[in-house]
Amino acid sequence: MKKYLAEMVGTMVLVLMGCGVAVSLGCNPITNIPAVVGTALAFGLAVVAMAYTIGGISGCHINPAITLGVFLSGRMSAKDCGMYMIFQVIGAFIGSALLYWLTTNVMGMDGTGANDLQEGVSVVGGLLAEIIFTCVFVLVVLGATSKTNGATNNFAGLAIGLSLVLVHLVCIRYTGTSVNPARSIAPAVFQGGTALANLWIFIVGPFIGGALAACIWKIIGCDCCKCEKKD
């Protein structure tokens, strides 16, 4: 149970801090580039902080797309996969609720940092962006945490956090960057409108991307015992 609770806490912090910075800085990928950089750094730093906080307990997935990739790579059971996802979504709702309460009721601001298609981006374009960049991100996670990486595993949290910064810098202009269904579900429910109508993009896209990353990793860097003995 501790690892499930750790995933809940980690996802709560990710959503509260990442989305919180996006709201506080007024992240707009067209008119406010400094806020884009700040938001990207916030999500990356939140991952690094949580990786070194709960990584030893749960592995610090804090993202259902990562959990799916890890499961499809044969590193966790179906039961743990499902429970991780449930607690990640619960954590995201807690983080979003706190942010919504702070910004809307206390500070008079509006917004929860929900993902949505940005100006000029089609549904197909947004879906492809989420698939591609989630695939890249989850592939980094699978590689950085691989048993074959040896001593470099100590820096996995840093590598994963920095890769999330990079993904955000590229993808915010198209979708606000999700690459994480839990991070998108909770803020969209609180915000409603087009964010909720387009929510399926930020669930389907990251899950497809995570599955593709697992397939790629099985080809180029399988961790299974048979492959290790063969090598």
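Here the spin labels are modelled as points 7 Å beyond Cα on the Cα-Cβ line, and at residue 105 and residue 78 they lie 4.1 nm apart. Mean-square fluctuations from a GNM of the chain, with a 10 angstrom spring cutoff on Cα atoms, peak among 183, 173, 75 at 75. Computed over the chain, the per-residue total of -39500 (n - 2.57) for DSSP H runs of n ≥ 4 gives a 222 nm mean residue ellipticity of -24000 deg cm²/dmol, rounded to 500. The lysine pair tally for the chain, using Cα distances under 25 Å and a gap of 8 or more places or different chains, is 14. Each Cα pair under 8 Å and six or more residues apart adds its separation to the average, and for segment 2-226 the resulting relative contact order is 30 percent. The tail of the calculated P(r) for the chain, taken as Cα-Cα distances beyond 30 Å, holds 19 percent of the pairs. Please say if segment 49-88 is rounded, prolate or oblate, where rounded means a/c under 1.5 for a ≥ b ≥ c the square roots of the C-alpha gyration tensor eigenvalues, and otherwise the choice is prolate for a/b larger than b/c and oblate otherwise? Prolate is the answer for segment 49-88, as a/c is 1.5 or above and a/b outweighs b/c. Counted by neighbouring Cβ atoms within 10 Å, the residues 60, 135, 215, 19 run from fewest to most as 215, 135, 60, 19.
Taken together, the values in this text are just the output of simple stated rules run on the coordinates, not laboratory data. Everything numeric in this text was worked out from a predicted model, so none of it was measured. Please note: Cβ atoms are built from the backbone with ideal geometry, for glycine as well, and neighbour counts cover all protein chains shown.
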